[in-house]
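Comments concern the structure below.
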Amino acid sequence: MSNGVRGNSDVVVLGAGVVGLACAWAVKREGITVTIIDRDFEGDRASHGNAGGIGVTESTPITMPNPLKLVQMLTDPLGPLGLRPAHFVKSFPWFWSLMLASRPHRVHASAKALASLNMRVYDDLLPMLDDIGAGRWLYQRGALVVFESETSYRAALSEWKLRADLGVEFEPLDGSEIKELEPSLAPVFPRGLFLPDWSHVADPKRIVEALRSKVTEMGVTLVQGDVAHVTPHGPRNVSVALTDGRSLNASRVVVAMGAWSARIAKRLGDKVLLESERGYNTTVDAGDVSLSREVIFSERSFVATPLDIGIRIGGGAEFAGLSAAPNYKRCDALLTLGQRFIPGLGDKNARRWMGHRPSTPDGLPVIGPSASHDAIVYSFGHGHLGLTQAATTGKLVAGILGGAAPGVPLEPFSVKRF
Ligand SMILES: Cc1cc2nc3c(=O)[nH]c(=O)nc-3n(C[C@H](O)[C@H](O)[C@H](O)COP(=O)(O)OP(=O)(O)OC[C@H]3O[C@@H](n4cnc5c(N)ncnc54)[C@H](O)[C@@H]3O)c2cc1C
């Protein structure tokens, strides 16, 4: 790692989460000089502790729940949705935009755009994982969605029908088929769906570390520093100032700072609606529990992933901003839920975690140039799907910088949509 700032790079990537690293990897492969800046390369960010799912079937955006469900969710202090009142007032424009984006025609448009990324995920992800020596850490065993009642299964079918129209494959299962696939689950699920195209990784942190080590080996310069601001001076001349007074120059800058990206974009004159959608999990030793694939508990909005480092029980969407202290009681509540539906699950070596999903109201990432300075390229806002879409985003960003045809329409991801 470079302590001082050395020379100029063609491209400087801001942020070394999975998205920034995948961008650095893809851009460097084009023969371009790359520097990547992060205030804490080893630090615990969304990319390190997420659920590890390659959720290519998640092609419908998160929407505003109906009023009754919303009240039910908000009155449960440790339920799947948390909203601190003071934060709601501050982020009202985001929630208003979420409401508008929840109208059927907008959901269809977002779903189509999400599917355009998700349908090509493996084409981009598999070569990247192979190149960084992480191919063996991808488990292509599908995923299982389980429903506690026939009623909620039927209610979910319209969303699954929309996904099917976009090319998502799934197979309906009954209770005995669920038991056969995952014998460790409590026998309380009359209905389920098998998602053959889903996969999960051994440990998302390992993917980040493998990417970081690979880009270093490829000659990407790592600079540790806290980015203060970015100033474009001309079409191919940008400076990046760090809070300690150092600065770097580059021809182009990629902003990939996850949930922290909006401040930089706003200072560049781009309006962005981005919220930290805080998610929690607890990882415990698997013990006698054996799950083969990720399980998605539909009504309760949580998942269980069998990682190499234990079973991770996670979920929740808490809106409280970037600086409020985590409420780890949410981790305990998630573990209790996990133990209820996976009866053999204990609490040995329980590790609690919170991370900031970088979420936009329409559920789409921001990928593409700044509205006013095309030397700045945005690459953030991947919400629930940053691990899934990182390699594809990297490929698209490398294409944008190199002037190549993107292969998917990029308009839906433009920052201009805000
Ligand atoms: C509970 C939970 C479960 C999830 N499960 C999944 C899943 O199963 N599958 C999936 O695909 N996705 C999942 N996600 C989402 C995924 O983790 C994120 O979308 C993804 O990690 C975002 O990556 P990123 O690189 O954009 O951001 P981050 O990982 O947050 O990285 C941003 C980087 O920018 C750096 N940075 C920020 N500000 C500055 C600054 N001023 N100066 C220097 N550096 C700065 C930070 O240090 C950080 O390293 C989950 C997220 C959560 C919270």
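The values are calculated or read from the model by the stated rules, or taken from the named source; none is laboratory data. Everything numeric here is computed off the predicted structure, so don't read it as measured data. Ideal geometry is used to build each Cβ from the backbone, glycine not excepted, and the neighbour counts take in all protein chains shown.
Annotations for the structure displayed:
- Given (1) of a type in the set (A, V, I, L, M, F, W, C); (2) part of a loop (DSSP other than H, G, I, E, B); (3) within 9 Å of the ligand (Cβ to nearest atom), index of the condition Leu21 fails: (2)
- Only strands (runs of 3 or more DSSP E) whose full extent lies in region 304-418 are considered here, and the ones with at least 1 residues that are among the polar types (S, T, N, Q), closer than 28 Å to Arg212 by Cα and within 15 Å of the chain's Cα centre (by Cα) are 351-359, 376-380.
- Within region 273-297, considering residues that are part of a loop (DSSP other than H, G, I, E, B) and either among the charged types (D, E, K, R) or surrounded by 20 or more Cβ atoms within 10 Å (Cβ to Cβ) (or both), the one farthest from the ligand (Cβ to nearest atom): Asp288
- Lys69 meets each of the listed conditions (1) modelled with pLDDT under 85; (2) surrounded by 13 or more Cβ atoms within 10 Å (Cβ to Cβ) apart from (2).
- Region 7-18: number of residues that are at negative phi and within 15 Å of the ligand (Cβ to nearest atom): 6
- The listed residue being farther than 17 Å from Arg141 by Cβ, surrounded by 17 or more Cβ atoms within 10 Å (Cβ to Cβ) and more than 22 Å from the chain's Cα centre (by Cα), out of Arg212, Arg236, Arg191: Arg191
- Residue check: Arg29 meets all listed conditions (1) modelled with pLDDT under 95; (2) more than 7 Å from the ligand (Cβ to nearest atom); (3) surrounded by fewer than 22 Cβ atoms within 10 Å (Cβ to Cβ); (4) not hydrophobic (A, V, I, L, M, F, W, C) but one, namely (1).
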